[in-house]
Amino acid sequence: MAALVNRRTVISGFILLALVFPFLTKNSYVLHILTLAFIWMIAVYGLNLLAGYTGYLSLAHAGFFAIGAYSLGILTVKVGMNYWLAFLSSLIITCILGLLIGLIALRTKEHFFAIYTLCVGYIIYLVIDKWDGLTGGVRGLIGIPVPAGVGPLSFEEPQSQYYLILFFLLLTVLMVYRIVHSLSGRTFIAIRNSEELAKTLGIATMKNKLMVFVLSTLFAGLAGVLYASFIRFIGPDIGYITITFDLLMYLLVGGIGTLAGPIVGTILIVWVSQSLQFLQDFRMLIFGPLLTLLIIFYPRGIIGAFYEWKIKRQEKKRMRALIKKHKDAEFSDANSVPDKKVKEG
Amino acid sequence: MDILSQQLFNGLTIGSVYSLVALGLTLVYGILHIPNFAHGAMYMLGAYVTLTMMLLWGIHYWLAMAVSVLVVGLLSVLMERLVFHPLRNAPPIHDKIAAIGILLFLEALAQLIWGADYRSMGTPYGEVINLFGLTVTMQRVLINVGAVVVMLLLYLFLKKTMVGSTIIAMAQNREGAHLVGINTNKVAMLTFLISGGLAAIAASLAAPINLVFPGMGHLVILKAFVIIILGGMGSIPGAILGGYILGFSESLGATYLSNDYKDIIAFLLLVIILSFRPKGLFAREGF
Amino acid sequence: MFLETKALTKQFGGLIAVNDVSFSLEKGKINAIIGPNGAGKSTFFNLVSGSHSPTSGQVIFKDQNITKLPPNKIAELGIARTFQTTNLFEQSTVLDNVIVGHRLRTNSTLLDAVLRTKRFKREESKCKEKAIEVLDFVGLTAVSDQLASNITQEEKKRVAFALALATDPEVVFLDEPAAGINPDETEGLAELMKKMVDRGITVCLIEHKMQMIMKLADKIMVLNYGEKIAEGTPEEIMNNQMVIEAYLGGSASA
């Protein structure tokens, strides 16, 4: 129970920190980077649901991120649709495409799935890059509007954008938290452990995988939509494989298949990247080997390593308690009654 | 007719390169069941090493290629030892991610050493010749001949030598190979050596007709994956055949469909294949 | 007829793994399938549980043809199975591992999970109760809070049983439940199977340990090279000439 209270405090503390952060810094650049990190986190959560909890490594997520971003860009700039209507439509478009691609992609497994999604991601990138008439090709789309005001709220200022995106991030985390801690989440984990076993436990694996896949593309799309109206310019590069690899790195460093992983990993890598800015294009000289070393030595990232340490500590405590109990039992026989026979169910 | 035969020759040339890259990929997959995403980086490094040897030390093309084969081959072995070997019992998602990590590192490294510029590689075989009524450069002929020679050598090595047959044996049954006393570690290292060498040859042959840049391996590796899925993951004849099929479809597609979208052909092919055969074209039904 | 197979056949390429096997389970009894290695026992299980679809023949469960049904539908009908090795989620507790076993009897969706609806709460506790109940049944209450990575081999076998039982099955197929555990523990698992039968669950198992089978089973089918060569009570099987030949001439797994 103490641990729960403890965790609650930590979470509340972080949310509070995120809420007051714009007042703590006058540096608009820092705020800009942090807002961008929030956007990546949303996409990473999507990837985490699929790769971390269900065991399907999708390499097409930059593609879905780009689909979300371009849908919004095209609908607002070219079609001139109402912002929030375009926002919603973009998410729906991403989900529909996710559903169609998922229907086929999820028939494949493991390596085939990774390669298949890698190719799907590349197709999405190529289409965006070549379909000049629709996407603006290599020139990209300029002048995407900021989110339209809702009632008294306006999102013109960087601060208000920060809060809007923080809101969506918290919503994402809440959703993922609730899903992971539910029968649905257990179902996904069962599929990750062994699809064959899951099936014989009566789980409709295809249906469940498809749900995760679509949900995961929804988050990627949401991140893309937010990105488009935050940066207000998009080019084909946002759909390129390097973005998928970035997302993957955030996830792995933080901890794949953990709830806090996406936040920890993204913040850390974005922060380190900023401090290593002189490296720019060469940051992969550090992050590439880091990714490889992590997967060899700490496959569940920072958060995973932390949990392992905590479990080991608890284990030690338990052992100590057990030894103490045994010592006590030597004095009084009260504790040494043999275990009761298992009662009939 | 003229355009057609010209395009068929082009297809043959591209196909030769694809086949060589896919061969290395399929060998590694057959032995270790690793989809080696870093193979594209090996290809890229192969081109750079050859280029550097030629520019820096003025070594002859063929000698530079030999050095490149050695360097990339050894690098590939190093990769197996340091990364894939420790991960041999890990869940399948891990070695893919590790391979991606290596790929990102090597690309950044290449950019650090050689810069991000597109470079072209000179060749002593730039002259234009007339071949059965086709006007082609000598280099393109070399690519085709070179690829066939390498494939024949590989075939002879795998079929006619003891060491080669252990590779085949291990590809068919890893546990079994271990039981009959094959040193699986050595075979794995040897396979990576060959795989890296093949990538270096392919890149060195193709570089004079393409450009050399840090990201040059991306498309090639993706297409090589398409090819080995087309030809059956782990299958050697499948990789060769698949390489040529893709080469032809691309060069014909570029001429008769759209040059802009020619790179999509491979991926559409893959998407279609996996839609109907989720385990690849020539997957065997297992128990 | 409770559960029966009619002329069930499975071919892999040129190899016939199961050939024309007709067999019916005795309801509420312990049924066993024995045979040398590679006799097609596991394939037979895979056919009945829907993991493989047969080349020809039928599987009938309570007058319903289930031959073409996918494994999850078959599980829903009340047919559960275990595997020789069960992959548990090692970083999770035993209880957490078993809860998902009752998932097929629930309907809550992602939306229920996100909105924490009444149905969600009801079904979450229902699954948890079920898991506690079956863990108690298989005698694992004491370790239910431990991580799956910390329990013994024999306890893992029991968790596999618990998972199967959590699906509320009428019949349970057990694939070599006693493989890799010692004689004392085997005895314990045999007790557990009897307990399952007492509770009205039909049991069908594949086993190599002959002594255990002869003591335990009510009905035995013997497979050899994919074909049924004998069927009957333990006494009948022990005196069957073909069975003796198959075992003496075949592998030494008896």
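The residue list B:222, A:54, B:162 was ranked by how far each Cα lies along the charge dipole of the protein assembly as shown toward its positive end, using unit charges on Cβ atoms, and A:54 comes out on top. Compute the long axis of helix B:39-56 from its Cα atoms, compare it with the longest principal axis of the Cα atoms of chain B, and write down the angle in degrees, 0 to 90, nearest 10. Taking Cα atoms only, the helix is inclined about 50 degrees.
Here each label is just a point 7 Å from Cα along the line to Cβ, and for residue A:142 and residue A:307 those points are 4.7 nm apart.
The stretch A:218-232 to the stretch A:130-182: how many Å between their Cα centroids? Here the two parts' Cα centres lie 4 Å apart. In this rough spin-label picture, where each label sits 7 Å from Cα along the Cβ direction, the residue B:33-residue A:7 distance is 3.4 nm. Principal-axis analysis of the Cα atoms of chain B puts helix B:61-79 at an angle of about 30° to the longest axis.
Residue order by solvent-accessible surface for A:309, B:62 is A:309, B:62, largest first, with ligands and nucleic acids left out and a 1.4 Å probe.
Computed about its Cα centre, the charge dipole of the stretch C:1-139 is approximately 380 debye, with only Lys, Arg, Asp and Glu carrying charge at their Cβ. Judged by the mean number of other Cβ atoms found within 10 Å, the most tightly packed of the peptides A:114-120, C:23-29 leads the ranking A:114-120, C:23-29. In a simple Cβ point-charge model (Lys, Arg +1; Asp, Glu -1; nothing else charged), the protein assembly as shown has a dipole of about 1320 debye relative to its Cα centre. Which whole-angstrom value gives the distance between the alpha carbon centres of the stretch B:84-111 and the stretch B:35-75? Result: 20 Å between the Cα centres. For chain B, leaving out every one of the GluC sites (Glu not before Pro) that falls in a DSSP loop and has at most 16 other Cβ atoms within 10 Å, the longest unbroken run is B:128-284.
Heavy atoms of chains A and B lose about 3800 Å² of accessible surface on contact, summed over both sides with a 1.4 Å probe. Of the solvent-accessible surface of chain A, computed with a 1.4 Å probe and all protein chains present, 67% belongs to carbon and sulfur. Projecting the Cα atoms of A:244, A:76, B:274 onto the charge dipole of the protein assembly as shown, computed from C-beta unit charges around the Cα centre, puts A:76 farthest toward the positive end. Among the DSSP beta bridges whose two residues both lie in the protein assembly as shown, what percent are antiparallel, rounded to the nearest 5? Within the protein assembly as shown, antiparallel bridges account for around 65 percent of the total. Given the C-alpha centroids of the stretch B:182-231 and the stretch C:77-111, what is the distance between them in whole angstrom? If we compute the Cα centre of each part, the gap is 43 Å. Label separation (residue B:60 vs residue A:318): 7.1 nm, computed from points 7 Å beyond Cα along the C-beta direction. The packing ranking, built from the mean of other Cβ atoms within 10 Å per residue, places the peptides A:166-176, C:59-69 in the order A:166-176, C:59-69, highest first.
Length available on full extension from residue A:150 to residue A:25: 0.36 nm per residue minus the Cα-Cα distance, which gives 42.4 nm.
Placing a label point 7 Å from the Cα of residue B:157 along the Cα-to-Cβ direction, the residues of the stretch B:80-117 whose backbone N falls under 17 Å of that point are B:80.
Residues B:96, A:199, C:195, ordered by accessible area of protein heavy atoms at a 1.4 angstrom probe radius and largest first, appear as A:199, C:195, B:96. Taking all protein chains as shown and a probe of 1.4 angstrom, residue A:95 keeps an accessible surface of around 30 Å².
Sorting B:261, B:118 by accessible area puts them as B:118, B:261; the probe is 1.4 Å, largest comes first, and only protein heavy atoms count.
Legend: mean number of C-beta atoms from other chains within 10 angstrom of residue C-beta atoms, peptide B:12-24, equals 0. From Cα pairs below 8 angstrom and at least 6 apart in sequence, can you work out the relative contact order of the stretch B:125-233, rounded to a whole percent? Computed over the stretch B:125-233, the figure is 19 percent.
Kirkwood radius and radius of gyration were both taken over the C-alpha atoms of the protein assembly as shown, and their ratio Rg/Rh is 1.00. Entry note, the stretch C:89-166: relative contact order of 49 percent, from Cα contacts under 8 Å with a spacing of 6+ residues.
The relative contact order of chain A, computed from alpha carbon pairs under 8 Å that lie at least 6 residues apart in sequence, is 28 percent. Take the accessible area of chain C alone and of chain A alone, subtract that of the pair, and you get about 3200 Å² summed over both chains, using a 1.4 Å probe. The angle between the Cα long axis of helix A:183-193 and the longest principal axis of the Cα atoms of chain A comes to about 90 degrees, rounded to the nearest 10. For the stretch C:1-115, the Kirkwood radius over C-alpha pairs fed into Stokes-Einstein at 25 °C and 0.890 mPa s yields D = 151 µm² per second. Over the protein assembly as shown, DSSP H runs of length four or greater, each weighted -39,500 (n - 2.57), average out per residue to a 222 nm ellipticity of -20500 deg cm²/dmol. In a reduced charge model with +1 at each Lys and Arg Cβ and -1 at each Asp and Glu Cβ, chain B shows a dipole moment near 680 debye about its Cα centre. Entry comment: accessible area of the stretch A:27-299 is 34 Å² per residue, from protein heavy atoms only and a probe of 1.4 Å.
The values are calculated or read from the model by the stated rules, or taken from the named source; none is laboratory data. Quick caveat: nothing in here was measured; it's all calculated off a predicted structure. With ideal geometry, Cβ positions are generated from the backbone for all residues, glycine too; neighbour counts draw on all protein chains shown. For the accessible areas, the whole protein counts, side chains as well, though only heavy atoms, and no ligand, DNA or RNA atoms are used. Shrake-Rupley method; radii C 1.70, N 1.55, O 1.52, S 1.80 Å.
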